[in-house]
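Take a look at the structure set out below.
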Amino acid sequence: MSTYVLVHGAWHSGECWERVVPLLTAAGHRVVAPTLTGYGDTAHLLSPEVGLETHVDDIVGLITEEDLTDVVLVGHSYAGLVISSTANQVPDRISHLVYLDAMVPEHGETAADVMPFTQAMIDQALASESGWRNPPLVGMDPSWGLFGVTDPADVAWLRSMMSDQSVLCLQQPVRLDNPAVSAIPRTHIHCVANVPPGMTRRPVPAIQPNGSPAQVWELETGHDCMVTMPGELTELLLKLG
């Protein structure tokens, strides 16, 4: 059986996978859903020095310290950057990379390179009183909900786990210069409903870095599909384990 490592996106915590973890576990897989440094119950550790490299160290450390192998590494949203640099460091431990409505970088790119709209978030953080804090995107168009979540109870639950992010997360570049990473199969899962205007993603190349045809799946839901469609998401993930 595979080990699934589920990496949450910006402002969230590992708690956001609460509805997916038991479904994968029931299928016989090991599942780990850590909270990255500075989020959730580690929010007290947030500082200007916490950045993308911190979060990569979190996941690389988890994989090596727990001696995890045959890992299906899932990155949601911002965590597409995290899983990319993680795979660069421990490619032999990763069996599959899953970009879940995620940023998909090339070597040396930052979040703003992958999704230019994040530059406005960087500018806001630098101009803020703190000079580095990025609060959750709670002021977006109500029709989109909170990261695509619209059920009032789910919105309240999601808000309860959210915390600020350091701007350094969006400024540090991804490392993807290990040739061994290219051999790792990739799957892209896109959430295609309730997408905010102006929110665009890069087209997925027809051929993966390992030479195989691209694998792209869609879910008819908003961005936080682990909250709104945990069963459907799990069904897709189980195809990879």
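For the range 58-75, filtered to residues that are crowded, with 17+ Cβ neighbours inside 10 Å and of a type outside the set (Val, Ile, Thr), the residue that is farthest from residue 239 (Cα to Cα) is 58.
Name the residues in the range 24-41 that are of a type in the set (Val, Ile, Thr) and touching a residue at least 24 places away in the same chain (Cβ under 8 Å), would you? Passing the criteria: 31, 32, 35. Each residue in the range 1-17 was checked for being out of contact with any Asp or Glu (no Cβ under 6 Å at 6 or more places or on another chain), part of a loop (DSSP other than H, G, I, E, B) and over 19 Å from residue 134 (Cα atoms), and 1 pass. Across the range 84-114, the qualifying residues are those that are in contact with a strand residue (DSSP E or B) (Cβ under 9 Å, 6 or more places away or on another chain) and among the polar types (S, T, N, Q), and the one among them that is surrounded by the fewest Cβ atoms within 10 Å (Cβ to Cβ) is 95. Remark: pairs (first residue in the range 82-99, in contact (Cβ under 8 Å) with a residue 24 or more places away in the chain and of a type in the set (Lys, Arg); second residue open to solvent by less than 10 Å² (accessible area, probe 1.4 Å) and in a strand (DSSP E or B); Cβ separation under 6 Å; 6+ apart in sequence or on different chains) = 93/71. Please find, within the range 125-176, the residue that is farthest from residue 193 (Cα to Cα) out of those that are among the β-branched types (Val, Ile, Thr) and modelled with pLDDT under 95. In this case the residue turns out to be 138. Could you tell me whether any residue of the range 203-215 is under 16 Å from the mean Cα position of the chain (by Cα) and over 25 Å from residue 68 (Cβ atoms)? No, every residue in the range 203-215 fails to be under 16 Å from the mean Cα position of the chain (by Cα) and over 25 Å from residue 68 (Cβ atoms).
Quick one: in the range 12-37, of everything that is touching a strand residue (DSSP E or B) at 6+ places or on another chain (Cβ under 6 Å) and under 22 Å from residue 103 (Cα atoms), which residue is surrounded by the most Cβ atoms within 10 Å (Cβ to Cβ)? It comes out as 17.
The values are calculated or read from the model by the stated rules, or taken from the named source; none is laboratory data. Quantities reported herein were computed from a predicted structural model and do not represent experimental measurements. Please note: Cβ atoms are built from the backbone with ideal geometry, for glycine as well, and neighbour counts cover all protein chains shown. Just so you know, the surface numbers come from the protein's heavy atoms only, side chains and all, with ligands and any DNA or RNA stripped out. Shrake-Rupley method; radii C 1.70, N 1.55, O 1.52, S 1.80 Å.
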